[in-house]
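None of the figures in this text is laboratory data; all of them are computed from the coordinates on show. Everything numeric in this text was worked out from a predicted model, so none of it was measured. All Cβ positions, even for glycine, are placed from backbone atoms using ideal geometry, and neighbour counts span all protein chains on display.
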2 protein chains.
Amino acid sequence: MARMSDADSASASVSDPESDCRGCADPAAAFAAHDHRHCAGDVLARAEALVAAGGVRLTPVRRRVLEILLEEHRALGAYDVLKRLAAEGFGNQPPVAYRALDFLAENGFVHRIRRLNAFAACMHPGEDHAPVFLICRNCNAVAEMPAAPVRAALGAAAADLGFAVERTTVEAMGLCPACCKSEAAP
Amino acid sequence: MARMSDADSASASVSDPESDCRGCADPAAAFAAHDHRHCAGDVLARAEALVAAGGVRLTPVRRRVLEILLEEHRALGAYDVLKRLAAEGFGNQPPVAYRALDFLAENGFVHRIRRLNAFAACMHPGEDHAPVFLICRNCNAVAEMPAAPVRAALGAAAADLGFAVERTTVEAMGLCPACCKSEAAP
DNA sequence: TCTATGTATGTAATATAATAACATGTCAAG
DNA sequence: CTTGACATGTTATTATATTACATACATAGA
Ligand SMILES: [Zn+2]
Ligand SMILES: [Zn+2]
Ligand SMILES: [Zn+2]
Ligand SMILES: [Zn+2]
């Protein structure tokens with residue numbers, strides 16, 4: 001897939017859903033305006049391919065939870081997800097939501113944002129990653145950022161102490177580009 | 001958790017409490033056996049100096065909460081802290097613990113470990129820092145590690161996306177040196 | 001086909017974590 | 001002494017998450 005400049009992806013993806021916009025999967029465009037239905041459909045398709053290959057099942061509840069998180073395009077609490085499920089005829093007890101979310105998280109389709117006690121759809125399922133999350137304190141947008149440099153720094157420093165890192169939680173609270181501007185000129 | 005009581009008894013023979021051991025404040029020694037009463041007393045003294053200079057008050061509850069976290073030498077939940085406070089005659093309702101913990105966290109004397117929904121005493125109060133936490137999944141020991149390299153990598157990558165980082169949560173789950181060994185040879 | 005088995009879902013009950021709202025106490029400045 | 005700021009105590013409620021058990025569903029042998 002050809003990668004577009006920031007300007008292009010911002011404008012083209014809004015006007016032309018059929019373009020090869022990488023949308024949320026592209027860190028540089030994660031905070032930019034774009035047609036998110038495109039990203040969502042793409043991610044969902046990839047998820048289905050992955051579960052087929054992996055021998056696990058994307059059952060109706062699980063699939064619907066993933067869809068909900070993709071549609072919302074932000075982090076949702078387990079009980080928010082549960083409310084929607086219940087409204088659609090699924091069970092209305094916490095384990096229904098938590099089990100689906102846990103399954104999706106274990107299989108890399110959603111991430112847990114500890115700072116928010118919430119869950120967000122992963123925008124690059126299959127690409128094994130322990131991403132960094134950028135959370136805008138103003139508009140609550142959440143974006144995934146490549147974690148390689150951060151993880152390298154972390155792992156190296158920990159190894160010096162003899163500590164073996166297995167999993168990491170890296171979350172940054174701050175202001176997204178849009179909110180940065182609006183705060184500078186209110 | 002049993003780990004540090006072992007360490008405490010062992011450290012008396014290993015190191016001299018009156019030496020200038022940096023104990024937990026030294027990342028390289030954070031997981032090593034040492035006389036932790038030394039670190040605790042030192043940190044508490046520094047905390048008192050800092051509040052005096054800062055115009056805030058280290059009241060009995062607040063001081064006791066800090067002591068408890070220093071004595072325990074691991075992350076404690078707010079309700080664990082509360083139980084101890086109640087047993088000592090302080091209030092026994094959640095806000096008592098949360099208020100003290102919030103105060104201590106705001107003033108840099110304790111850190112919140114989001115992964116554990118818990119709080120741990122800071123081992124270098126006053127030194128403004130947003131540390132990295134290393135959490136042993138086996139013995140629950142928690143150590144602070146310098147975050148400079150990690151934060152640099154994080155801030156740079158975020159800046160490329162136009163995101164202004166204000167606060168970070170960086171926590172690594174894994175095995176501490178001691179548990180690494182015991183897991184290798186069970 | 002029919003059952004056995006594992007897995008997924010539904011539900012009730014409970015545990016754990018955090019906050020809101022308001023009353024009371026403490027202490028120093030005026 | 002009064003006042004105002006801050007700290008603590010208490011009640012109640014909300015939010016988040018898990019345990020335990022019952023039921024449904026798939027699907028692999030017999
Ligand atoms: Zn998107
Ligand atoms: Zn924003
Ligand atoms: Zn120590
Ligand atoms: Zn350990």
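Placing a label point 7 Å from Cα along the Cα-to-Cβ axis, A:R57 is separated from the same position in the other copies by 6.3 nm, shortest listed first. Just checking the listed ones, A:D80, A:D35, A:D160: in the Gaussian network model of chain A with Cα springs under 10 Å, the one fluctuating most is A:D160. Distances, shortest first, from the label point of B:K83 to those at the same position in the other copies read 3.4 nm; the point lies 7 Å along Cα to C-beta. Note on chain B: with a GNM built from Cα contacts shorter than 10 Å, the maximum mean-square fluctuation among B:A75, B:A32, B:A53 falls on B:A53. Across identical copies of the chain, A:A152 has label-point separations of 1.3 nm, listed in ascending order, with the point defined 7 angstrom from Cα along Cα→Cβ.
Shape class of the stretch B:36-77 from the Cα gyration tensor (axes a ≥ b ≥ c, square roots of the eigenvalues): oblate, since a/c reaches 1.5 or more and a/b does not exceed b/c. Projecting each Cα onto the charge dipole of chain A (Lys/Arg +1, Asp/Glu -1 at the beta carbon, about the Cα centre), which of A:A30, A:C136, A:A45 comes out farthest on the positive side? Ranked along the dipole, the leading option is A:C136. Note that the stretch A:159-169 has calculated 3J(HN,Hα) couplings of 4, 4, 8, x, 9, 9, 6, 10, 9, 10, 10 Hz, one per residue in order, obtained from phi through the Karplus relation 6.51 cos²θ - 1.76 cosθ + 1.60 (θ = phi - 60°); glycine and proline are x. Counting only other chain Cβ atoms within 10 Å of each residue's Cβ, the peptide B:129-139 averages 2.
Give the shape of the stretch A:6-184 as rounded, prolate or oblate, defined through the alpha-carbon gyration tensor: a ≥ b ≥ c are the square roots of its eigenvalues, a/c under 1.5 means rounded, and otherwise the shape is prolate if a/b is larger than b/c and oblate if not. Rounded is the answer for the stretch A:6-184, as its axis ratio a/c remains below 1.5. When both the stretch B:24-41 and the stretch A:46-84 are represented by their alpha-carbon centers, they are found 45 Å apart. Considering only B:L161, B:L50, B:L134, the Gaussian network model of chain B with Cα springs below 10 Å gives its largest mean-square fluctuation to B:L161. Taking every alpha-carbon pair under 8 Å whose residues sit at least 6 apart, chain A reaches a relative contact order of 18 percent.
Can you give the % of DSSP beta bridges in chain A that are antiparallel, to the nearest 5? Around 65 percent antiparallel, to the nearest 5.
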